[in-house]
Every structure is written in structure tokens, then in C-alpha cells.
Amino acid sequence: MIFISLLGYLIAIFFIITTLSMLWKDNPLFRIGQQALIGAATAHYIVLNFTSVYNNAIKPMMGGNLLLIIPLFLGLLMYTRLKNDIAWVARYPTAVLVGVGTGVMIAGNLRGQIIDQVKSTILDLVNAPALGSMTILNTVIILVGTVTSLLFFTYSVKHSTKDGLTPLGWAAKIGRIFLMISLGANWSGEIVWYLTQLIGRFFFIVNFIKLLMGGG
């Protein structure tokens, strides 16, 4: 095993142990690992961002695309926040960034989470009779879950009166059940992913020990 590979293994195992040491309590080892990770990530993103600016702005500008000086100038204005006297200038690029980002996010969310969801539900409902009883059942469940989940967020109309729940209230209650099932499934998926990463780190350490013992 060459020296560089051995050093890489040892560094990786050191940071795995420092991170897991937080399970015991906050300690100097964990803080060393935390600060090293933050420093490495910060350095990585600085280099990545400067490379992106060069490839997507400076290099095309050198080729004659001078319009890119506008976003480059707006980006440079963000650094005015470092000086209190002119920090207000950063509001302009921030406003542009928030406005454009909001527009892009609204369009993307409308299409991906509402329009395509409704479209898929309707198409499944139309095609379900030709695909069997289980497909019909699944389609009805999806339709009921989609509609009632949306009704759960209808706050402009009261869900209950002194006599009890209104029809909207009952629909919202059903929607809440679907939402809880969805959140539970997503959360369990997250837990499985993190456990997979943890098991992968343990296997990494075990494989390293096997290599040292000549059994790899």
C-alpha cells in the first residue's frame, strides 16, 4: 500500500471518529473535525465559485459577449456589504436575485408539484378502467389523497362550526392523514439513507483494518 493511500485512509478514519465522537458529548476532537470540515467546504466553494465566474462570465466576455458584464457587476455589488458605509448598495443585487429566484421557483413548483400532479391523476383516472381493479383502487386513492391534501390548506373557509366539522373539515381531516403518511414515508427514507451512510463508514474502517492485516 503506497504512502499516499495509507495517509488518505488514516485522515478519513480520523474524521469519521471525530464526527461520531459527538454521540458521546461535545469534545475537542469533534470541534477539530467540525472546523476542518467547514474550512475545507468553504475553500472548495470559493474555488468552485471563482471557476464558475471565470468560465461563465469572464471567459465569454473575453470572447466578445460584453452583456455578461451586467450580472458580473451585480455580483460584485454584493461585496459592498463588507463596508458599513455602502452596505445599502447590496440591496439592489439582492432584490434582483430574490425576484428572479422567486419567479423561477414559482414556475417550477407550479409545474412539478401542481400541474403535473393533477395531470397525472386525471390521466390515470381515465386509463384506469382498462388496467384492472387494483389500478382503479390505486387511482382513486391517489385522487382522494391529492384533493383532500389540497383542501387541508384551505384556510379561507371554516373547517368546523358549533355543530361539528363541516364537509370541508372532514375532507381536510382525511387530507391530514394522507399528509402524515407521506411525511412518515419521507422521514423513514431519510433515516434509511443516513443509516446506509453510517454502515458504509463502518465498512470503510473494517476494510482498512483487513488491508492492514493482509486480508483484503
When you scan the range 14-29, how many residues do you find that are among the polar types (S, T, N, Q) and assigned to a loop (DSSP other than H, G, I, E, B)?
1
When you go through 53, 98, 118, 89 one by one, which is the residue that is more than 27 Å from the chain's Cα centre (by Cα) and over 30 Å from residue 12 (Cβ atoms)?
89
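Here's the yes/no breakdown for (1) touching a helix residue (DSSP H, G or I) at 6+ places or on another chain (Cβ under 8 Å); (2) among the basic types (Lys, Arg); (3) more than 30 Å from residue 7 (Cα to Cα); (4) outside any helix (DSSP H, G or I):
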| position | (1), (2), (3), (4) |
| --- | --- |
| 171 | yes, no, yes, no |
| 178 | yes, no, yes, no |
| 187 | no, no, yes, no |
| 208 | yes, no, no, no |
If we scan the range 63-78, do we find a residue that is within 30 Å of residue 14 (Cβ to Cβ), modelled with pLDDT of 90 or more and either aliphatic (A, V, I, L, M) or surrounded by 10 or more Cβ atoms within 10 Å (Cβ to Cβ) (or both)?
no
Filter the range 67-111 down to the residues that are touching a residue at least 12 places away in the same chain (Cβ under 8 Å) and of a type in the set (Gly, Ala, Ser), then identify the one that is farthest from residue 57 (Cα to Cα).
90
Listed by first then second residue, the pairs whose first member lies in the range 140-168 and is touching a residue at least 12 places away in the same chain (Cβ under 8 Å), whose partner is assigned to a strand (DSSP E or B), with beta carbons under 8 Å and at least 6 positions apart or on separate chains, are 159/165
Pairs with Cβ under 6 Å, 6+ apart, first in the range 170-191 and in contact (Cβ under 8 Å) with a residue 24 or more places away in the chain, second among the hydrophobic types (A, V, I, L, M, F, W, C) and surrounded by 10 or more Cβ atoms within 10 Å (Cβ to Cβ)
171/151; 172/151; 172/152; 175/151; 175/152; 176/152
Give the residue, chosen from 138, 207, that is at pLDDT below 85 and of a type in the set (S, T, N, Q).
138
Selection over the range 1-30 where residues are surrounded by 13 or more Cβ atoms within 10 Å (Cβ to Cβ) and under 28 Å from the mean Cα position of the chain (by Cα) yields a count of 12
Determine if the range 33-49 includes at least one residue that is over 16 Å from residue 75 (Cβ atoms) and not in a helix (DSSP H, G or I).
no
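The values are calculated or read from the model by the stated rules, or taken from the named source; none is laboratory data. Note that the structure is a prediction, hence the values are computed from the model and not measured. Positions of Cβ are backbone-derived with ideal geometry, glycine not excepted, and every protein chain shown enters the neighbour counts.
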